[in-house]
1. Using alpha carbon coordinates only, what is the Rg to Rh ratio of the range 109-203, with Rh defined as the Kirkwood radius?
2. On a full-extension model of 0.36 nm per residue, what is the gain between residue 48 and residue 139, subtracting their alpha-carbon distance, rounded to one decimal in nm?
3. Compute the length gained on full extension between residue 242 and residue 130: take 0.36 nm times their separation in residues and subtract their Cα-Cα distance, giving the result in nm to one decimal.
4. Suppose R0 equals 25 Å; then what is the FRET efficiency for residue 59 and residue 33 from their Cβ-Cβ distance, rounded to the nearest 0.05?
5. List the residues of the range 161-183 whose backbone N lies under 17 Å from a point placed 7 Å from the Cα of residue 251 along the Cα-to-Cβ direction.
6. Residue 109 versus residue 213, label points 7 Å from Cα toward the beta carbon: distance in nm?
7. How do 308, 328 line up, fewest other C-beta atoms within 10 Å first?
8. Compute the distance in nm between two label points, each set 7 Å from the Cα along the Cα-to-Cβ direction, one at residue 120 and one at residue 220.
């Protein structure tokens, strides 16, 4: 016998069937008795009791029918099929859907939680819907090459090449327009004044058959914290028929004070690869980070890193979600390894001197 259950609770269904049988027999007997009386009221009461007896018999048949295990299993399988195909969900109200989804989540979480905060579930629903209805990126590859300036030790040349594939197989045809957004900051060397044309040496974006050049970008000088920066913005809404290849090439002047490269995913990205190349007499380090991780592990899937004499590369073939990414750092002398927490702090430190970041 199961703990907490007595014999009566365990066999309650059998007791209910017997009770229905007894009730139907009693109603039938009294109904027939009253129906044979000479009193008009008795005849009416007899008819009512006979009707109730018939209802009790019908309930008895239904109870016996559902007492068979194969019948219950068949009904459960049919309900599960309707639920998984979405036909049953279409008949539910918004509140019923929310309640059903909450129960599914609780079932997945098991005994780790005893309840869910409705406002948190609503926020997570909005975040999930935005991610699932966004374009997907595939095989995201970024290569950054830094070259010392021959005439000024405070400067360097920075060349970025980025290419990836935009996928929209999962989106409805009217939602396949890809909102291309490119933004980058260039740290301006103090005490040196350059024209924007000198700072931005090359810019080209190839999106399918479309080519975006300098005429399509917006250049502004701003302060990022206390560091003067040149911001470059390029925006375009592009039609995507299932998939589209994108290639970005940009060459700029930069400051040697800028010793960090930050790359953050803006879209769900399957396959994420990045590298930085500079000089051989530098120490290179990197760290992956997530937008949030309760265990503060800052690990994304099965990532790998590889160091070579003049730089390093990182790679993962798993999904990288919006807000996740990787931070690179390089130093003249070997410091303490860059911790995961420090890599996450780079997002905040972007407003301070010596830090640059991009979103792709």
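1. With Rh from the inverse mean 1/r over Cα pairs, Rg/Rh is 1.20.
2. Net length gain for the segment: 25.1 nm.
3. Extending this stretch completely gives an extra 38.5 nm.
4. My answer for the efficiency is 0.65.
5. 161-162, by backbone N distance to the label point.
6. According to this spin-label approximation, the distance is 5.6 nm.
7. In increasing order of surrounding Cβ atoms, one gets 308, 328.
8. 3.7 nm
Values quoted throughout were computed directly from the atomic coordinates according to the rules given, and no laboratory measurement underlies them. Worth saying up front: this structure is predicted, and the values here are computed from it rather than measured. Positions of Cβ are backbone-derived with ideal geometry, glycine not excepted, and every protein chain shown enters the neighbour counts.
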